[in-house]
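These notes concern the structure reproduced below.
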Amino acid sequence: MNKFKSIEFKDNILYLIDQRKLPTTYEIFECRDYRDVDFAIKDMVVRGAPAIGVTAAYGAVLAADEFKEEEKPIFFEKLHNALDILNRSRPTAVNLMWAIDRMRKAVERSKDLETVDICEMLLREANSIYDEDIRSNKAMARYGNSVIEQGDNILTHCNTGALATVAYGTALGVIREAHYTRKNIFVYVDETRPRLQGSKLTAWELVQEEIPTKLIADNVAATLIRDGKIDIILVGADRIASNGDTANKIGTFMLSVVAKVYGVPFYIVAPTTTIDFEIKTGDDIQIEERSYKEITHIGGIRIAPEGIDVYNPAFDITPNENITGIITEKGIIRPPFREEIGRLK
Ligand code: MRU
């Protein structure tokens, strides 16, 4: 189990590890109201699909507490307005919308209670989302470990660890499990430009766990795959369409293409809360575009000329035909994905 708490809610304050500052500075960011939560998600103090969902759920708790002295109609109006704002904080990871929807349903179920009791209900709901995330990560880790062979060299992208979830992680949770069960694994981690979640966050987690690892520039991955140095690729997901097409950190699609060419198994590891049953294919997934500064600057220093135009999508879509399997807390889904995913609904 990881030794840090990425998300903690205590006495109406949400404590987050400030992921913008890792690995050089370990600092806790305090959210005292839902506006702080909205900022934390937008500015990527917290990131990773499951972690964003849990954070937003506590944002709903903070909003309800702020408005609890209001008359009930005003309380509901202000609370739903806050939920709308949180729902829009980032567009691609569906765990965010899933968590907000679950909080709205909890509001609906308790609408006849006093506002203080509604607050109580919402806190219980957010705590359940938190606990379920840990349970589902542990289940994914066990299922995922069944596809890891003794001595495997594993390639991963972005950060899918305890920082991106409540604990353990998704793809990194599988890697943890394989390491704890002494599979003698070796991990290659992509640095993951532009925001470097691989080198800043995944490498930080792997070093703490003393898992044998090499950090590589993103453009090294294809050569390693071609040279037979990668046995399996494990990545996370931000949204999975009902046909298995998967949105994940930019660069994932490229890895999947190379993996397919060289016959390397390519697995997505994600909880079923990352599946968007409402959409048919990856074409329907909104891809977030982030600031040009993530490309033109590193650590505040300009590395591209003034006046250059930039295209900076944060995610890409891996088509289902490039995916060997999707490891969920309910088991491993294999093609044909549409049928298998339909069964989970
Ligand atoms: O932009 P980020 O850092 O939020 O992107 C994170 C990813 O793409 C992860 O792979 C995904 O959210 C899964 S995290 C368990």
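Just a few scattered comments:
- When the test is whether a residue is open to solvent by 10 Å² or more (accessible area, probe 1.4 Å) and in contact with a helix residue (DSSP H, G or I) (Cβ under 7 Å, 6 or more places away or on another chain), ILE85 passes it.
- Count of region 163-193 residues which are closer than 26 Å to GLU132 by Cα, within 11 Å of the ligand (Cβ to nearest atom) and in a loop (DSSP other than H, G, I, E, B): 6
- Failed condition for ILE275, given (1) over 19 Å from the mean Cα position of the chain (by Cα); (2) closer than 20 Å to ALA139 by Cβ: (1)
- Among the residues of region 88-104, the ones that are in a helix (DSSP H, G or I) and within 16 Å of the ligand (Cβ to nearest atom) come to 6 in all.
- Complete set of residues in region 279-300 that are open to solvent by less than 70 Å² (accessible area, probe 1.4 Å) and aliphatic (A, V, I, L, M): ILE279, ILE285, ILE287, ILE295
- Residue match in region 48-66 (condition: assigned to a loop (DSSP other than H, G, I, E, B) and in contact (Cβ under 8 Å) with a residue 12 or more places away in the chain): yes
- When residues of region 246-263 are limited to those that are in contact (Cβ under 8 Å) with a residue 40 or more places away in the chain and not in a helix (DSSP H, G or I), the one surrounded by the most Cβ atoms within 10 Å (Cβ to Cβ): THR246
- Search result, residues across region 17-34 that are open to solvent by 20 Å² or more (accessible area, probe 1.4 Å), in contact (Cβ under 8 Å) with a residue 24 or more places away in the chain and within 25 Å of ILE118 (Cβ to Cβ): ARG32, ASP33
- Taken residue by residue, region 153-161 has no member that is in contact (Cβ under 8 Å) with a residue 60 or more places away in the chain, in a helix (DSSP H, G or I) and within 16 Å of the ligand (Cβ to nearest atom).
- Of all residues in region 91-116, those that are modelled with pLDDT of 95 or more have Cβ atoms under 8 Å from Cβ atoms of residues that are of a type in the set (Phe, Trp, Tyr) and assigned to a helix (DSSP H, G or I), 6 or more apart or on another chain, in VAL107/PHE76; LYS111/PHE76; THR115/PHE67; THR115/PHE75.
The values are calculated or read from the model by the stated rules, or taken from the named source; none is laboratory data. Since we're looking at a predicted model, the values are computed, not measured. Note that we place each Cβ from the backbone using ideal geometry, even for glycine, and neighbour counts take in every protein chain shown. Accessible surface is based on the protein model in full, side chains and every heavy atom, while ligands, DNA and RNA are left aside. Shrake-Rupley method; radii C 1.70, N 1.55, O 1.52, S 1.80 Å.
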